[in-house]
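Before any comments, here is the structure.
The values are calculated or read from the model by the stated rules, or taken from the named source; none is laboratory data. All figures in this text were calculated on a predicted structure; none of them were measured in a lab. Because the Cβ atoms are built from the backbone with ideal geometry, glycine has one as well, and the counts that use them run over all protein chains shown. Note: areas computed on protein heavy atoms with side chains; ligands, DNA, RNA excluded. Shrake-Rupley method; radii C 1.70, N 1.55, O 1.52, S 1.80 Å.
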Amino acid sequence: MTHRRRYTPWLLVGPAVLWLAVFNLWPSVNTVILSFTSARPLGGGRFTGLANYHRALGDEQLADALVNSLVYLLVCLPLLTVLPLLLALLVERKLPGITFFRTAFYTPVIASAVVVALIWGWVLDDRGLVNGLAREVGAITHPVPFLTDRWLLLLSAIALTVWKGLGYYMVIYLSALGNVGRELHEAAAVDGASAVRRFWHVTLPGVRATMLLVSVLISVSALRVFSELYVLSDGTGGPGGRDMSVVMLIQMYSRGFTGHLGYASALSLLLFAVTVGPMLVLLWIDRKAA
Amino acid sequence: MARGFSTPSPAERALRYALLLAVLLLTVGPFLWELSTSLKGAGEDVYTRTPSFLPDRPTLANYATVARTVPVWTYAANSLLVAGIAVLGNAVGATAAGFALARLRFRGARLVLGLVLATLVLPGEVTVVSQYVTVRSLGLADTLLGVALPGAIGMLNVLLMRTAFRAVPPDLDAAALVDGANVWQRLVHVGLPNVRGMLSVVVIFTFIGAWDDFLWPLIVLDDPNRYTLTVGLQYLNGTFSANPRLIAAGTMIAFLPIVAVFAALQRSFFRGVEEGAVKG
């Protein structure tokens, strides 16, 4: 049959377009609409103007959450930009058994954040592995309250995010390193350039664009953190609920009798506004470089 | 003369392996510690100051206890169902759409592509609330279908598949056209065999993503019998925080299947990565 039917492309792309409309475009529009209403998880709600935004301005828990996000971002960004690159350089060289190491280093990435947080919750417990070992060697007399102190809990969650992210960004760097000319490296080595000089003058310029992309990915995902904080704090948000993230607040307000979908939507838009920042920075740098 | 680039000196080799082992201990150690905890019997003190990494008398009793107290196998089946729907939907839907956007000319193609691209700047968390409202109005609140449906065709996967189909040499496609092949034949006989690497990356990521997801099922599901593993685990953690052995056993039930899936497919995953699938 050589007759080409004009609707065939739409048959192929149709389901995806349906999903695009129902589960991506409409929810985006509806988030804006809902943010001006008093919609509840169990139904109902009416137009309330800017009431939700007004409420957000005076929300102390939200202020805490934004501070937490900032700390999260500032700690994650340098660590996750640099450490995975070093790790990629370590596993780049084809030594016997290197595939095993690469796969093993990727394991935390494929595990659910819930699984990872439960494991670390046990490791960092008052009577867990870290406190046990530290006490054994006499470094401490009382357990370090990793999971019950406002700042230590946040830092523990950050450590967990960094630990879980190492392998993910390592693979991205690995893929980028594959494109950095091997000849260039060899030429530099033959010229007697030390490993450190080769790193600064050959490797780094070669992966600069990737570093930029990675740092944007890190920033956005640091602002989106949820599971680590939720599980480490047993859903409570830590002492006084001060260790909430913005997404935890969204989840909290999207459920149950005390829920408020309108307010949760306003918080969602705020989250969007915050995550757009890093992406705009990327575009701006990209423009300037071009 | 400088040493050859691809043959590290014995000292460098030793240093590299030492570092590799140190990182290995850091990345895999916690998982092994959890596994070990899950195998320790009720008589063994898991809190001891000098922790022993090997259980005295390994036992599967904790797994049996977990299964008796919460329906953990039902949770596993629920997770599997959700992940299965997501994998099937993406393998079919994203592949079909990716092919159409890469290889076919039709009215509105550019608009569709532009909108698909636009969704990438939107983190999923931003729309969970209104997604929930949508799913609820479809009558799917508190159902596994409601959990699985929104992710059944991911826009990122559509883009990845489009990229893969665009990389297929145009000559191949042109030859098929000259031979009078129709769209379906071009997709099945020319397109698919050449995008297997990307397709496997999409399948692996979709499975892992659906199996590991926490926020979305936590919002959609109410009935404890419909929980997926991650939500069930959190529930277990709230109920049995006094006994780390049980939590550990539950954690391993969620973790080990994903390790098995990944171990089985990691070759095609890393090959797909080398083809540039994860470059973003």
Identify all residues within the range B:116-155 that are more than 7 Å from every other protein chain (Cβ to nearest Cβ), in contact with a Ser or Thr (Cβ under 8 Å, 6 or more places away or on another chain) and outside any helix (DSSP H, G or I); write none if there are none.
B:154
Which pairs have Cβ atoms under 7 Å, sit 6 or more apart or on different chains, and link a residue in the range A:96-112 that is within 16 Å of residue A:165 (Cβ to Cβ) to one that is not in a helix (DSSP H, G or I)?
A:112/B:214
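I'm trying to understand the selection: among the residues of the range B:134-150, which are among the small types (Gly, Ala, Ser) and at pLDDT 95 or above? Give the steps one after another, and end with the answer.
Initial filter on the range B:134-150 (among the small types (Gly, Ala, Ser)): B:137, B:139, B:141, B:146, B:148.
Residues satisfying the conditions are B:146, B:148.
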Looking for whichever is in contact (Cβ under 8 Å) with a residue 24 or more places away in the chain and loosely packed, with under 15 Cβ neighbours inside 10 Å here; the options are A:42, A:57. Which one fits?
A:42
Quick one: which helices (runs of 4 or more DSSP H) lie wholly within the range A:207-290 and hold at least 2 residues that are small (Gly, Ala, Ser) and open to solvent by 20 Å² or more (accessible area, probe 1.4 Å)?
A:261-289
Within the range A:191-206, track down each residue that is open to solvent by less than 40 Å² (accessible area, probe 1.4 Å), among the aliphatic types (A, V, I, L, M) and in a helix (DSSP H, G or I).
A:202, A:204
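Quick one: would you say residue B:24 is modelled with pLDDT of 95 or more and farther than 30 Å from residue A:19 by Cβ? Explain how you work it out, then say what you get.
Details: modelled with pLDDT of 95 or more: yes; farther than 30 Å from residue A:19 by Cβ: yes.
Yes; evaluated as a whole, the condition is true for this residue.
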Yes/no for residue A:180 being surrounded by 14 or more Cβ atoms within 10 Å (Cβ to Cβ), more than 10 Å from chain B (Cβ to nearest Cβ) and free of Cβ contacts under 8 Å to residues at least 40 places away in the same chain:
yes
Assess whether residue B:190 counts as being free of Cβ contacts under 8 Å to residues at least 24 places away in the same chain and either of a type in the set (A, V, I, L, M, F, W, C) or open to solvent by less than 30 Å² (accessible area, probe 1.4 Å) (or both).
yes
Can you confirm whether the range A:134-147 contains a residue that is more than 10 Å from chain B (Cβ to nearest Cβ), in contact with a Lys or Arg (Cβ under 9 Å, 6 or more places away or on another chain) and in contact (Cβ under 8 Å) with a residue 12 or more places away in the chain?
yes
Unmet criterion (only one of (1) in contact with a Ser or Thr (Cβ under 8 Å, 6 or more places away or on another chain); (2) open to solvent by 40 Å² or more (accessible area, probe 1.4 Å); (3) at pLDDT 90 or above) for residue A:11
(1)
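Confirm whether residue B:87 is touching a residue at least 24 places away in the same chain (Cβ under 8 Å), closer than 20 Å to residue B:246 by Cβ and either acidic (Asp, Glu) or surrounded by 16 or more Cβ atoms within 10 Å (Cβ to Cβ) (or both).
Working: touching a residue at least 24 places away in the same chain (Cβ under 8 Å): yes; closer than 20 Å to residue B:246 by Cβ: no; either acidic (Asp, Glu) or surrounded by 16 or more Cβ atoms within 10 Å (Cβ to Cβ) (or both): yes.
So residue B:87 does not fit the description; no.
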List, please: which pairs have Cβ atoms under 8 Å, are six or more places apart or on different chains, and start with a residue in the range A:157-168 that is more than 10 Å from chain B (Cβ to nearest Cβ) and farther than 12 Å from residue A:73 by Cα and end with one that is surrounded by fewer than 22 Cβ atoms within 10 Å (Cβ to Cβ) and β-branched (Val, Ile, Thr)?
A:165/A:109
Candidate set from the range B:50-75 (those that are in contact with a helix residue (DSSP H, G or I) (Cβ under 8 Å, 6 or more places away or on another chain), open to solvent by 90 Å² or more (accessible area, probe 1.4 Å) and at pLDDT below 85); member that is farthest from residue A:133 (Cα to Cα):
B:54
Among the listed residues A:20, A:85, A:11, identify the single one that is in contact with a Leu (Cβ under 8 Å, 6 or more places away or on another chain), in a helix (DSSP H, G or I) and within 14 Å of chain B (Cβ to nearest Cβ).
A:20
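So for the range A:133-153 (the condition being open to solvent by less than 20 Å² (accessible area, probe 1.4 Å), modelled with pLDDT under 90 and either more than 30 Å from residue A:70 (Cα to Cα) or not in a loop (DSSP other than H, G, I, E, B) (or both)), does at least one residue qualify?
Residues of the range A:133-153 open to solvent by less than 20 Å² (accessible area, probe 1.4 Å): A:153.
So of that shortlist, the ones also modelled with pLDDT under 90 come out as none.
Looking for residues that are open to solvent by less than 20 Å² (accessible area, probe 1.4 Å), modelled with pLDDT under 90 and either more than 30 Å from residue A:70 (Cα to Cα) or not in a loop (DSSP other than H, G, I, E, B) (or both), one finds none in the range A:133-153, hence no.
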Inside the range B:235-280, can you point out the residues that are polar (S, T, N, Q) and either farther than 19 Å from residue A:116 by Cβ or modelled with pLDDT under 90 (or both)?
B:237, B:239, B:241, B:243, B:266, B:268
Of A:22, A:17, A:32, A:75, which residue is hydrophobic (A, V, I, L, M, F, W, C) and either farther than 25 Å from residue A:270 by Cα or open to solvent by 70 Å² or more (accessible area, probe 1.4 Å) (or both)?
A:17
